[in-house]
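The values are calculated or read from the model by the stated rules, or taken from the named source; none is laboratory data. Keep in mind that this is a model prediction, so the values were computed, not measured. Cβ coordinates were reconstructed from backbone atoms using ideal geometry, including for glycine residues, and neighbour counts include every protein chain displayed. We work out accessible area using only protein heavy atoms, side chains counted, and drop any ligands, DNA or RNA first. Shrake-Rupley method; radii C 1.70, N 1.55, O 1.52, S 1.80 Å.
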Amino acid sequence: MFALGIVVVIVAMFAGQRDVMRLGMFLIALPVVAVILISVARLRLSSRRSIVPHQVQLGTPMVGRIRLSLESRLPIGVVLLEDQVPGELGQQPRFSIDRPGLSWEREIEYPLLGRVRGRWRCGPLSVRTTDPFGLVSRDQRFTATTEVMVTPQIVHLTPLAASGGAGRSGESQPHRIGVVGADDVLIREYRPGDDVRRVHWRSTARRGDLMVRREEQAWDPAARILLDSRAAAHAGAGVFNSLEWAVSAVASMGLRFIEDGYRTSVFEADGSLEIDSLSGTNRQASSDLLISRLTDLRSRRTYSLRYALESLGAEQGGELVIAVVGRLTADDAHGLLRAKHSRATGLAMLIDVDSFAPAGHAQDPDPTNAGAGRARDDVDATVRLLRGDGWRVVVVTRGMSVADAWAAFGTLGGRRSGTMPIPAAAGAVAGGTVAGEAAS
């Protein structure tokens, strides 16, 4: 408009049109007046922002709130607001306020959704104000931001004993016993799944019921958890990615073990996550550290679990080894067998990755579905290999919850239970057979 006014004035001067020259002068003066108005207005803006809640689980909605106040000496035109929001949480919200007046205060809310696990920063807020003529705009940007933490989905799991007594002793809560001697040998009744080698014959003969030792719980138990974080070993998109299911399972189980007093260690494709918890001490800090490390975890480009298995195998002791894995090669499967010490109990959640792949995005486009058949054969072979070494294996398909997979460990013994003959000495005392978990 300013340039147009200059052109009109020059043309009017050569044409001798004084009235047209006045019009050009008006076009020149109008932008200048708008600049003076928005400068003299001395806008004072203040903003307070928050996101409720600031920490959510994956797939949980949030609400962003911005309280903006404005004071001005002179009237202004339109106020345009835009908040910087990462695409992982939603679209950038934009608002416009028409005729705000000399003094104005308002709270603005907009929805957010934790669609991707991680830490995200919202803000800063950008504000654009215009003069009443709409000719001049003034841009301002606040510096305040808000951090949002989208954690893995946490599922409440029952104690270990309620899941079928996966531990060696079948007890849900570990104990410390500081006395050395006969008190270290605790006796209880036999439960299905107990090792027959732990039968305490003297107590069995005295009581007439089969009794077993549980001296293993005289020490701090430990649980080692392996998380397969390789990108190539998983499939799916967004919240329904198989990797997100695995991270959720590890987070839920880790919190369960920490709550039960287990020394908990977590290993991923690149090695240890360095979150070793201490049994019975500062459990809340251990739980927070576990969630924090898993929140920051990203998929790895490595194609082998060698580093994870080496770190897992280097950790001596521990009565539980839990593996949450995707596609396994033959080398990875045999390495997993070697990482479990002979006295440890192995639990494995084997994810059927192909079931997580979106429809029409199968990795093998073979119309005869031969690729799916080979994938199923690989899963079955891995299950047979692990179960042959004494592992309890649950095959996870899309739609199965973490709680269902955890509870399935308890039903494995029931589905594969049978009668185990007792040695002659035991038969003479107990007079029968013991129901136990048959070898796979």
Residue in segment 253-275 that is of a type in the set (S, T, N, Q) and open to solvent by 10 Å² or more (accessible area, probe 1.4 Å) present:
yes
Looking only at residues that are modelled with pLDDT of 85 or more, open to solvent by 40 Å² or more (accessible area, probe 1.4 Å) and assigned to a strand (DSSP E or B) in segment 56-72, which one is farthest from Arg119 (Cα to Cα)?
Arg67
Contact list, first residue from segment 193-211 and under 30 Å from Trp391 (Cα atoms) and open to solvent by 50 Å² or more (accessible area, probe 1.4 Å), second anywhere and of a type outside the set (Gly, Ala, Ser) and not in a helix (DSSP H, G or I), beta-carbon distance below 9 Å, six or more apart or interchain, is Asp195/Arg168; Asp195/Val212; Trp201/Met211; Asp209/Glu189; Asp209/Tyr190
Any chance Leu23 is open to solvent by less than 80 Å² (accessible area, probe 1.4 Å), without any contact (Cβ under 8 Å) to a residue 60 or more places away in the chain, assigned to a helix (DSSP H, G or I) and not β-branched (Val, Ile, Thr)
no
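Grab the strands (runs of 3 or more DSSP E) fully contained in segment 183-276, keeping just those with 1 or more residues being modelled with pLDDT of 85 or more and of a type in the set (A, V, I, L, M).
Values: elements: 187-189, 211-213, 222-227, 263-268.
Counting at least 1 such residues, we get 211-213, 222-227, 263-268.
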Here are Pro53, Pro86, Pro75: which of them is touching a helix residue (DSSP H, G or I) at 6+ places or on another chain (Cβ under 9 Å), of a type outside the set (Ser, Thr, Tyr) and open to solvent by 20 Å² or more (accessible area, probe 1.4 Å)?
Pro75
Restricting to segment 302-318, name every residue that is surrounded by 22 or more Cβ atoms within 10 Å (Cβ to Cβ) and outside any helix (DSSP H, G or I).
Leu305
Restricting to segment 279-301, what's the tally of residues that are modelled with pLDDT under 90 and either more than 22 Å from Met149 (Cβ to Cβ) or open to solvent by 80 Å² or more (accessible area, probe 1.4 Å) (or both)?
5
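Report yes if Ile66 is at negative phi and without any contact (Cβ under 8 Å) to a residue 12 or more places away in the chain, otherwise no.
Numbers: at negative phi: yes; without any contact (Cβ under 8 Å) to a residue 12 or more places away in the chain: no.
When the stated conditions are applied, Ile66 does not pass them.
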Given the conditions (1) at pLDDT below 90; (2) surrounded by fewer than 16 Cβ atoms within 10 Å (Cβ to Cβ), every one holds for Gly410 apart from (2)
Search result, residues across segment 26-44 that are open to solvent by 60 Å² or more (accessible area, probe 1.4 Å) and modelled with pLDDT under 90
Val32, Val33, Val35, Ile36, Ser39, Val40, Arg42, Arg44
Anything in segment 111-154 that is touching a Lys or Arg at 6+ places or on another chain (Cβ under 6 Å), closer than 19 Å to Glu88 by Cβ and either open to solvent by 80 Å² or more (accessible area, probe 1.4 Å) or at pLDDT below 90 (or both)? List them, or say none.
Glu147
